[in-house]
C-alpha cells in the first residue's frame, strides 16, 4: 500500500523518528549505546551525531516529496552521508555500482559475473596491503577506507544481488541500483552480516513507503536503544558476566565458570547482537524498507538446528541460497547424507571463506585466516548435521505439561551449551592460541630482554606478528624498540614512524606503546 497518509500523520512519524535519532545521539555521546554492528567503525565517533542529523533530514524529505521523487530524495541523502564518511569510497562506489549493474545484466554466465565483485575485493585488498606496502598505505589512508567499506558493507550485498540476477530477478534502474548500495542508514556503521536485504525489498519499500512499516521501524529502533542501554546499566551495576567469568577463571572456581560461560555466550552476546540488529532494522524500516529481523529469538531455540534457523538470519539465508540448495538437490534421495554434506558445504566452504574479507580489511594483511571461525564451523557442521538427522526420528511429546516444559527447556539449555562449546570454547580459544597468545608471549619476552642479543632474537617473531596485523600500532612500536636495542636505529625509526602513521587517533593502549617506543628511541626523524 502506497503511503497516502494526511500531512499531520507524516509529520508525527517524522517527529517520532527525529526524537529517537536525537535520543540515539545523546546516548551515544554519553557512552550508553554504541550504534555498532559486528565491525569497528572506520571513521571518528564525532561523525555519528552528524550522520544521525542527515538521516533525520533525509527522512523528512522522503515523507515530504511526491512518490515519484522518493528515490532521488533518498539517493541525495545517501550521497551526503557517504561523502561525509569517505569521499573516496563514495566516488568509487558510484562508478563501481553502475559498472556492476551493466555486468550483471550483460547476458554473461553467472560464473563470469560473480568474478566482478570478487576481483574488485582482491584488487582493493592489494591496494591497501599494509604488510607489503606499509609506507604507501600509511601515506594514503583512503585505500584502507575504501577496502574496508567495500568488504564489510558492500561485498555480501553484491553476492545477494548476484543471486537475484542469477535466478531471473528484474533489472533495476540505475537510480534503484545506486540507492540499494548507497542506502543512507547503512552509512552509520558497516552493516556486515546484520543487514542483507534483497534488492527488490529496498526499491519497492522506498517506492511504497508503507506507514505500518515505518511505525514498526520506530518500535524496533526504540527497542534496540533500550536493550543496549539496559546492557550498559547491567555492566555499571557490576553484573556483567564477563567480569565474573574472569574472576572465576583466576580463582579456578569451576563450579562458577560453567554457568558463567553460558551467560557470556550465548546469553549476553546474543542480547548485544540483538540490540545492534534492532537499531539497524529500525533505521531501515523507518525509511520504508520492510527488511526482516536478523535474529528471531535465538535464545528460545528448540535445539541447535533451530538455533541455526533463528540466528543471523540474513547471512544464513545467503549461505542457503548459494550453498545449501545445490547440495540438497544433488542428494535429495539421501536426506541424512544431504544434511551432513550440506552443513559441511555451508559452514566450511561458505561461512569460513566469507569471514576472510573482514579480517583482511580490518588488519590490512593477506596473512589472515579466521581460525576461530573455522574451528567453530567444524563443530557446528557435526552438531547441526546430527541434529537434522535426529529430527527425522520424531519422538512423541510427554503427556504431562510439566514434562513438556522441562523437555523444551532442556533442549534450549542443550542448544546454549552446544553454541557455547562451538563458539566460546573452540572458536575463541583457537583464535586466542593462534593469534593473541603469540603476541602476548613475545611482548612479555620483550619486557624481559636486556641485551642486544636477546632483543635481536625477538626481531623475527615481531616482524611476523607485524606482518599479520600491520595496522596495529602497538606491534610496530614493540618491533621498533627491539630493532633499536638490537643495533638497527634506522629500521627502528622507520617502524616507529609507521606506528604513528597508523594511529591517527590512538587508544590508551596504543598511546602507552607509542610512548614507550618514543622514550626508548629518543629524538630523531619521525618519518622514514
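Miscellaneous remarks
- Neighbour-count ranking [beta-carbon atoms within 10 angstrom, fewest first] of 400, 163: 400, 163
- Gyration tensor verdict on the range 364-410 (Cα atoms; rounded if a/c is under 1.5, prolate if a/b is larger than b/c, oblate otherwise): prolate
- By the count of other C-beta atoms within 10 Å, a proxy for reagent exposure, 369, 220 are ordered fewest to most as 369, 220.
- Listed by Cβ neighbour count within 10 Å, with the fewest neighbours leading, 346, 289 appear as 346, 289.
- For the range 7-229, a/c is not less than 1.5, where a ≥ b ≥ c are the root eigenvalues of the C-alpha gyration tensor, and a/b does not top b/c. That puts it in the oblate class.
- In the chain, helical runs assigned H by DSSP with n ≥ 4 each contribute -39500 (n - 2.57); averaged across all residues and rounded to the nearest 500, the mean residue ellipticity at 222 nm is -21000 deg cm²/dmol.
- For semi-axes √(5λ) of the Cα gyration tensor in Å, calculated from these coordinates, the label among (1) 54, 24, 22; (2) 38, 32, 25; (3) 48, 29, 19: (2)
- Inter-label distance, nm, simple model (7 Å from Cα along the C-beta direction), residue 67/residue 448: 7.3 nm
- For peptides 426-435, 50-59, sequence by mean Cβ density within 10 Å, most packed first: 50-59, 426-435
- Column: log10 I(q)/I(0), Debye, Cα scatterers of the range 209-282, q = 0.13, 0.19, 0.26 Å⁻¹: -0.49, -0.77, -1.07
- Shape call, the range 467-528: gyration tensor on alpha carbons, a/c limit 1.5: prolate
- Long-range tail of P(r) for the range 16-105 (Cα pairs > 15 Å, %): 68 percent
- Taking every C-alpha pair closer than 8 Å and separated by at least 6 residues, the mean separation divided by the residue count of the chain gives a relative contact order of 14 percent.
- Theoretical FRET efficiency, 1/(1+(r/R0)^6), r = Cβ-Cβ of residue 167 and residue 252, R0 41 Å, to 0.05: 0.15
- FRET E, pair residue 236, residue 9, Förster distance 51 Å, beta-carbon r, rounded to 0.05: 0.85
All of the numbers you see were taken from the coordinates with simple rules; none came from a lab. All of these numbers come straight from a predicted model, not from anything done at the bench. Positions of Cβ are generated from backbone atoms using ideal geometry, with glycine treated the same way; all protein chains shown enter the neighbour counts.
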